[in-house]
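The values are calculated or read from the model by the stated rules, or taken from the named source; none is laboratory data. Note that the structure is predicted; figures quoted are calculated from it, not measured. Glycine gets a Cβ as well: all are built from the backbone with ideal geometry, and neighbour counts include every protein chain shown. Just the protein is used for accessible areas: all its heavy atoms, side chains included, with ligands, DNA and RNA removed. Shrake-Rupley method; radii C 1.70, N 1.55, O 1.52, S 1.80 Å.
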Amino acid sequence: MSPAKVQSPQEKASADVPSQSTATLAEIARAAGVSAPTVSKVLNGRADVAPGTRTRVEELLLLHGYRRRRGSTAQSQLIDLVFHELDSSWAMEVVRGVENVAREEGLSLVLSESAGRLTPGQTWVDGVLARRPVGVILVLSDLTAAQRAQLTSRNIPFAVVDPAGDPGDDVPSVGTTNWQGGLAATRHLTGLGHRRIGVVSGPSRMMCSRARVDGYRAAMETAGLPLDPALVREGEFSHEDGYNAGLELLRLPEPPTAIFAGNDLQALGVYEAARELGLRIPEDLSVVGFDDLPLTRWIGPPLTTVRQPLIEMAETAARLVLDLSRGQQPATTRVDLATNLVVRSSTAAPRV
């Protein structure tokens, strides 16, 4: 006589739910040993649920693929927009793009910042569940698998703008042709006759940074130029890190005659470093940025840069989220908008 198998609490809860792919709220409640209103509180992000109960209910929602029926609860007329950092004109361009679509649709915008983290905290997720927005747009951010499951079970669609890493085929995302942009920037400089070209990269943890540097390397190799590791610097996408990296490059025994910066803020930092060392742009140093922020037209000299269509990227992500909220499936989950080189006055042939 074989001993009876003892079920774990999770196995018992799973057995209590019918085997169909999507369980009802009442069935989830019965399996969790709680009332249907308690499950509803968890779904709506209410705070008055014990942590252990919340965890048990969330596990069952994920296990049985629960998905709230579209239109079963009233949505707020909101779009949630979350940044890893919200302190630059780059972010304001993205806000402007989402706001354009929100205004057309009669929606309001909720802005959040994850304090530099590439994944927002659980407090933010709980707030989203309580607000019940039409959709969520994440900028240079991503969600954990558990956070994605929470939004999916509540039928809250989301998309990522300029994803920091590979979001996966199942996550809608909007980016730009970063590799092609890095290639075009560097080809412009090699075409002017530059041979020692430095690069100030963004952080390597971000996919866009790596792609821009890869484009730089491809252009250098195509031009038959050596790749000197001493000419490559990495930092955050900030004026300060562009300034520090610029000083390091320009103080080398054999400094570069041109620098490709990972974004416009870094390029402005390179401008400051050049001025501090008594170098003139473009007579002594050519500089190329990336983004084409509005201010790059008005600085002296106006910056040659790679235009990243930030407003259009944000508008595309907003429309993608709205389509998903209406039950429309996109033809593709990954959209990459084209970059293009904008030549101004910060680049010239190197001094002989």
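Observations on the structure shown:
- Computed E for Thr55/Val343 - FRET, C-beta separation, R0 45 angstrom, nearest 0.05: 0.20
- Bridge orientation summary for the chain: considering DSSP beta bridges with both residues in this region, about 10 percent are antiparallel.
- Loop-located trypsin sites (Lys or Arg not before Pro) across the range 150-244 with a Cβ neighbour count of 12 or fewer within 10 Å are Arg205, with loop assigned by DSSP.
- The helix-only estimate of mean residue ellipticity at 222 nm for the chain, built from DSSP H runs of length n ≥ 4 each weighted as -39500 (n - 2.57), is -12500 deg cm²/dmol after division by the residue total.
- Amide hydrogen neighbours beyond the local backbone of Arg307, cut-off 5 Å, H modeled: Asp291, Asn340, Leu341, Val342
- Remark on Ala258: its backbone amide H falls under 5 Å from those of Gly198, Ser286, a criterion applied only to residues 5 or more positions apart or on other chains, H modelled at 1.01 Å from N.
- With R₀ set to 41 Å, the beta-carbon distance separating Arg195 from Glu312 gives a calculated FRET efficiency near 0.70.
- Modelled label reach - Arg117, point 7 Å along Cα→Cβ, the range 134-163 residues with backbone N closer than 18 Å: 137-151
- In the context of the full set of protein chains, the range 94-139 has a per residue accessible area of 41 Å² (1.4 Å probe).
- Annotation: for a label point projected 7 angstrom from Cα along Cα→Cβ of Arg351, residues of the range 225-258 with backbone N closer than 20 Å are 246-258.
- Heavy-atom accessible surface of the range 113-170: percent carbon and sulfur, 1.4 Å: 51
- Estimated at 0.36 nm per residue, the fully extended path between Thr24 and Ala145 surpasses their Cα-Cα distance by 41.4 nm.
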